[in-house]
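This report refers to the structure that appears directly beneath it.
Read-outs throughout are calculated quantities, based only on the coordinates presented, and are distinct from any laboratory measurement. Not measured: the values here are computed from a predicted model. Glycine gets a Cβ as well: all are built from the backbone with ideal geometry, and neighbour counts include every protein chain shown.
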């Protein structure tokens, strides 16, 4: 046996060297995938467990109920305050003496660059691919209602932020849970803040990192051909490392400036495709409405469409998740409520406008295959997703839809996806870091530990397959929402007081326009 | 009431010439000087989350640097002329902000130095002196 081992080892090594690189690489991807799926399965199962006797996940109901409660409690604030929100972003109410501070527009743009991204491109494709066109209806509804959730959390984010003597600020759910609860004499604030921070770190590693790396890799292979995911992962990790550890802020700055341009380009292209196919717009909306209430034969029927719509909307605009409250809390304003007004535009732009455009392009360009006789969508062999042209799913489905109109667009989309993925990663590395330092304290070493973990997860995300990654990403993000929304319920009277005070002062002219 | 002469100052040689020219003018007419330094800023730019967090701190540092490295040395230099001199540092679009300062302070005239950029860069990016000559609410003297 010993002799055999001695003999076998060099042979095995030689064989490994001689074996095609791709075989080794693929098996490495599979190993990473397997370990990842096995270690996160329990967490995913818990978050997405359905109500007993139904297939309806409790977490989706949690989000729907919260968004409805905030909408009603603030008397449809998202519609009432919409024009005022636009005025605030334009700077009509900004004191010229505060020039040079973070403006409402900048806080909104930075928060948006963390949310607008793959959720709008790949996430929508996943929703429509599983839930059918009807998922779009529920997604829009979730976006509209989510505006009230975002309003609540971002107001609190500014109100209870920490301002340090050196002028820097830290805000977010962990701060309003701690300070807000103690101010109201409620117990458990610290516990919720710690729990939120743990989930925020997982969310940063999941949706804010692995999902991005995964879909960026999918998009690159879509253009240049198949190659192992861990290679993309290592390249991405190296760039992220250079920015967040090496302090190469110039890369992040360039991305922050290019991402909005890509966003506009994406929307304009989608609009052109929709307008060129103007004769199908009515039909597409018909599919969306009838799919929302009949299911059109998709797996899970109406409930399947609703679940997908709400899930992907929440994943895309992060309303109720608490992440945006971290970004928005840096704005310079004497009135915390103004940042709430501004932030409610975020789910509108992200979900109601951009996600709907993606969905319309996928539907209008005929990517989903339906039975010409019954009009019902055909499911694939597994019976869980709708058959698509060439079997595309995720970002590849969106890419195929856009490319069917403009062949060259897949290259633009590939660049957009990579940049979106990158900017989302930078934003989430910041959110995750804020949660990490809340738990473990500020300090170079503790920060470095988180940053290195973040980079390792870039590689895992790119190498793992979409299923386990998307499940874990959703679960982690929704876990944040569980804790955050509990806090919002207890603190929403604070927001209401701020709102009433502000509105009465606005009416009397005490709060006036500067421009 | 003596006239206030506004000097647009960015620390360049042209701006120094404009300040001296304005000081002579103020001395001969019994007017006073208002030295204005404007830091170019737009509320519609895009910042990273880190930049958002540090913006307030950075603003403080930028204002202090402008005060100590640019404006203070000029004020020291002009103190010998006997002309009453004040200063203001603001953020914003440079030409527009200078016009606003001129209106708010009731300045009688604006003095600005010519930077002497090439024709090409001026055509591409414009110049503060050029914009000011178009939009200034009061007479504007461009000092070569």
Any helices (runs of 4 or more DSSP H) falling wholly within segment A:240-344 and containing at least 1 residues that are more than 14 Å from chain B (Cβ to nearest Cβ) and free of Cβ contacts under 8 Å to residues at least 60 places away in the same chain: A:249-276, A:281-294, A:301-317
If you go through segment B:47-62, how many residues are within 20 Å of residue A:433 (Cβ to Cβ) and within 7 Å of chain A (Cβ to nearest Cβ)? 10
Which of the residues spanning segment A:74-95 are away from chain B (no Cβ under 11 Å), in a helix (DSSP H, G or I) and farther than 11 Å from residue A:341 by Cβ? A:79
Candidates A:435, A:400, filtered to the one that is in contact (Cβ under 8 Å) with a residue 40 or more places away in the chain and crowded, with 17+ Cβ neighbours inside 10 Å: A:435
Pairs please, first residue from segment A:371-382 and loosely packed, with under 13 Cβ neighbours inside 10 Å, second anywhere and part of a loop (DSSP other than H, G, I, E, B), Cβ atoms under 6 Å, 6+ apart in sequence or on different chains. A:371/A:378
Residue by residue through segment B:1-44, note down the ones that are over 18 Å from residue B:97 (Cα atoms) and part of a strand (DSSP E or B). B:32
Within segment A:259-292, can you find the residues that are buried (at least 17 other Cβ atoms within 10 Å of the Cβ) and farther than 14 Å from residue A:357 by Cα? A:259, A:262, A:287, A:291, A:292
Among A:124, A:224, which is the only one that is closer than 25 Å to residue A:394 by Cβ and within 17 Å of the chain's Cα centre (by Cα)? A:124
With the requirement that a residue be farther than 14 Å from residue B:37 by Cα and either part of a loop (DSSP other than H, G, I, E, B) or away from chain A (no Cβ under 14 Å) (or both), what does segment B:67-104 give you? B:76, B:77, B:78, B:79, B:80, B:81, B:82, B:83, B:84
Mind checking whether some residue in segment B:48-69 is in contact with a helix residue (DSSP H, G or I) (Cβ under 8 Å, 6 or more places away or on another chain), crowded, with 16+ Cβ neighbours inside 10 Å and closer than 21 Å to residue B:12 by Cα? no
From the options A:449, A:417, A:469, A:494, residue that is touching a residue at least 40 places away in the same chain (Cβ under 8 Å), within 18 Å of residue A:202 (Cβ to Cβ) and assigned to a helix (DSSP H, G or I): A:469
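Any residue that is in a helix (DSSP H, G or I) and without any contact (Cβ under 8 Å) to a residue 40 or more places away in the chain - is there at least one of those in segment A:199-218? Write out each step before concluding.
The initial filter retains those residues of segment A:199-218 that are in a helix (DSSP H, G or I), namely A:199-218.
The next check asks that each one be without any contact (Cβ under 8 Å) to a residue 40 or more places away in the chain; those that pass are none.
No, segment A:199-218 has no match at all.
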When you scan segment B:22-42, how many residues do you find that are closer than 22 Å to residue B:66 by Cα and in contact with a strand residue (DSSP E or B) (Cβ under 7 Å, 6 or more places away or on another chain)? 11
Would you confirm whether or not segment B:109-118 contains a residue that is more than 19 Å from the chain's Cα centre (by Cα), away from chain A (no Cβ under 14 Å) and over 29 Å from residue B:3 (Cα atoms)? yes
Exactly one of these conditions fails for residue A:165: (1) in a loop (DSSP other than H, G, I, E, B); (2) away from chain B (no Cβ under 14 Å). Give me its number. (2)
Got a number for residues in segment A:100-142 being touching a helix residue (DSSP H, G or I) at 6+ places or on another chain (Cβ under 8 Å), buried (at least 24 other Cβ atoms within 10 Å of the Cβ) and part of a loop (DSSP other than H, G, I, E, B)? 5
